[in-house]
1. If you go through the range 1-20 one residue at a time, how many are out of contact with any Leu (no Cβ under 8 Å at 6 or more places or on another chain) and either exposed (fewer than 14 other Cβ atoms within 10 Å of the Cβ) or not charged (D, E, K, R) (or both)?
2. Of Phe93, Phe84, which residue is surrounded by 14 or more Cβ atoms within 10 Å (Cβ to Cβ), under 18 Å from Thr132 (Cα atoms) and either touching a residue at least 12 places away in the same chain (Cβ under 8 Å) or not charged (D, E, K, R) (or both)?
3. In the range 39-58, which residues are touching a residue at least 40 places away in the same chain (Cβ under 8 Å) and over 16 Å from Phe83 (Cα atoms)?
Amino acid sequence: MSLFVPDFIFDNFYSITPEFLKENNISAIVSDIDNTLVTYDDEKPTLRVLSWLESLASADIKISFVSNNSHERVRIFNEALGFFAVGKSGKPFKKNVLYAIEYMNVPRENVCMLGDQIFTDVLAGQNAGLKTILVPPIKDKTDILTRSKRVLEKPFLKRYKKKHKNTQFYK
């Protein structure tokens, strides 16, 4: 499979249930923050994020955050949560994703990477040997670089949809 094709695509993060994760032998998530869990405008986790994180914790699913945003942004978001969190992570490079896995002390085959971008989040997860879950951006930026990346992602999304056309993972 291509490094740019996610293993799963969901409509949003809160559709990813503990049951789905357990069925797929996932006991830990390395998650992006911005546009995956909250918008860039949300400094702190929303009630929906907190509820989802609580459902994961209740199912003994660990989580950590690896973001390309600033250390300060990640610190503020994670302040009340206390999870392992890294800013300025350098995704798609795997270094900080591997630190998160090491911190959570979970075998790599039981960890997934969650994010909204193929060329950072999915690629970082694939580079680290993880299963990957892609969600559409909550509120996408409209700058030329982001719009260009979204256009370049389209062929990989088509490959995913073609592969999963007749399965429950077709979105």
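1. Taking the range 1-20 first, the residues out of contact with any Leu (no Cβ under 8 Å at 6 or more places or on another chain) are 1-2, 5, 7, 11-12, 14-15, 17, 19-20.
Adding the requirement that they be either exposed (fewer than 14 other Cβ atoms within 10 Å of the Cβ) or not charged (D, E, K, R) (or both) leaves 1-2, 5, 11-12, 14-15, 17, 19-20.
Matching residues across the range 1-20 total 10.
2. Values: Phe84 fails: under 18 Å from Thr132 (Cα atoms).
Going through Phe93, Phe84 in turn, the sole match is Phe93.
3. Residues of the range 39-58 that are touching a residue at least 40 places away in the same chain (Cβ under 8 Å), as a first pass: 39-41, 58.
Those that are touching a residue at least 40 places away in the same chain (Cβ under 8 Å) and over 16 Å from Phe83 (Cα atoms): Thr39, Tyr40, Asp41.
Yes/no per residue for (1) under 15 Å from the mean Cα position of the chain (by Cα); (2) open to solvent by less than 50 Å² (accessible area, probe 1.4 Å); (3) small (Gly, Ala, Ser):
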{"residue": "Leu47", "(1), (2), (3)": "no, no, no"}
{"residue": "Ala57", "(1), (2), (3)": "no, no, yes"}
{"residue": "Lys62", "(1), (2), (3)": "yes, no, no"}
{"residue": "Arg73", "(1), (2), (3)": "no, yes, no"}
{"residue": "Ala80", "(1), (2), (3)": "no, no, yes"}
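The values are calculated or read from the model by the stated rules, or taken from the named source; none is laboratory data. Predicted model, so just to flag it, every value in this text is computed and none were measured. FYI the Cβ positions are ideal-geometry reconstructions off the backbone, even for glycines, and counts take in every protein chain you see. Note: areas computed on protein heavy atoms with side chains; ligands, DNA, RNA excluded. Shrake-Rupley method; radii C 1.70, N 1.55, O 1.52, S 1.80 Å.
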